1. In the chain, which helices (entire DSSP H runs) extend 20 Å or more along their own long axis, judged by Cα positions, while averaging at least 0.0 on the Kyte-Doolittle scale?
2. Return the distance in nm (one decimal) between the two label points of a simple spin-label model at V155 and Y224, each offset 7 Å from Cα along Cα→Cβ.
3. Using a 1.4 Å probe over the heavy atoms of the protein chains, calculate the carbon and sulfur portion of the accessible area of the chain as a whole percent.
4. Would you mind classifying the stretch 30-161 by shape? Square roots of the alpha carbon gyration tensor eigenvalues, ordered a ≥ b ≥ c; an a/c under 1.5 is rounded, otherwise it is prolate if a/b is larger than b/c and oblate if not.
5. Pick out which of D127, D118, D18 has the largest mean-square fluctuation in a Gaussian network model of the chain, springs linking Cα atoms closer than 10 Å.
6. How big is the antiparallel share of DSSP beta bridges in the chain, given as a percent to the nearest 5?
7. Exceeding 25 Å between C-alpha atoms, which entries from my cross-link table qualify? They are K77/K215; K77/K98; K77/K187; K58/K187; K58/K219.
8. Using a Gaussian network model of the chain with C-alpha springs under 10 Å, which one of L81, L131, L216 is most mobile by mean-square fluctuation?
Amino acid sequence: MPLSHLQELRLDQVLTDDVCRRLGIFAVPTDFRLTVVIPVYNEVNTVLDVIERVRRTKLPLEIIVIDDGSQDGTREKLAGLPAADDLRIILHERNRGKGAALRTGFEHATGTAVVVQDADLEYDPDDFRFLIQPIVEDVADVVYGTRYGHHDRPVPPLWHVFVNRWITRLCNVRTGLYLSDVETCYKVIRRELIQDLAPNLQENRFGIEIELTVKLARKKVRFYERPIRYDRRGFDEGKKIGWRDGVRALYCMLRY
């Protein structure tokens with residue numbers, strides 16, 4: 001919820017500017033709007049909960065849901081949602097992959113900045129406010145949420161951390177950046193920047209994470225990282241990324 005003038009005065013009396021910044025306490029500009037692009041494929045059990053969690057952030061939002069050919073009842077649940085000014089639902093007639101769904105969402109975005117939200121419950125939209133802060137303060141053009149930037153989190157399997165860090169380090173060599181989590185879902189990007197790139201993005205699956213990072217790095221934009229929460233789900237719970245996507249990530253580093 002936006003801070004009132006009285007609240008800001010009270011905070012200034014007890015907290016320094018630096019403390020406020022570290023806590024993510026800042027006023028969201030009246031002309032700021034965050035576009036949340038949600039690619040969905042067979043997430044009937046979580047998709048409505050995710051939309052509700054996004055709305056509970058109380059940020060000025062544009063929510064774009066792209067149903068990528070779901071066949072498990074997800075599409076019917078989305079059809080049952082009441083019309084709302086903050087929500088747009090776009091249907092792909094067949095499953096084309098996360099990258100293809102994101103391109104569709106990026107094309108239709110109208111907000112100040114764009115963030116990707118997976119349709120499962122691994123990522124917490126309450127982190128949005130913390131992630132948009134560097135863009136609001138004009139110290140960044142791109143903000144990546146890192147799952148490995150702190151220790152207040154569920155402990156993941158060793159193989160999961162190893163594979164992600166291995167891919168990230170190779171991507172850092174390719175881009176000249178020093179990111180800690182290139183495969184993160186939470187990438188907040190200025191809208192005009194992502195819409196400039198979107199027509200030339202080619203990856204239809206999870207390779208979009210590497211392709212997007214390489215092409216953003218080539219533009220010499222300002223990158224920023226902030227820690228986020230992450231509650232990893234297993235393959236038995238519907239996780240879709242697999243070892244082939246890891247191999248594809250390596251290919252993308254060479255291709256782009």
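1. On the way: long enough: 158-175 (25 Å, 0.17).
Those that clear 20 Å and a mean of 0.0 are 158-175.
2. Inter-label distance under the simple model: 3.3 nm.
3. So the carbon and sulfur contribution to the accessible surface is 53 percent.
4. Details: a/c = 1.72, a/b = 1.19, b/c = 1.45.
It comes out oblate by the Cα gyration axes.
5. D18
6. On the way: 7 of 29 bridges.
Percent antiparallel among DSSP bridges in the chain is about 25.
7. Working: K77/K215 36 Å; K77/K98 20 Å; K77/K187 27 Å; K58/K187 19 Å; K58/K219 32 Å.
Beyond 25 Å between Cα atoms: K77/K215; K77/K187; K58/K219.
8. It is L81.
The values are calculated or read from the model by the stated rules, or taken from the named source; none is laboratory data. Not measured: the values here are computed from a predicted model. Here Cβ is always computed from backbone atoms with ideal geometry, including for glycine, and neighbour counts include all displayed protein chains. What goes into the accessible areas is simple: the full protein's heavy atoms, side chains included, and nothing from ligands, DNA or RNA. Shrake-Rupley method; radii C 1.70, N 1.55, O 1.52, S 1.80 Å.
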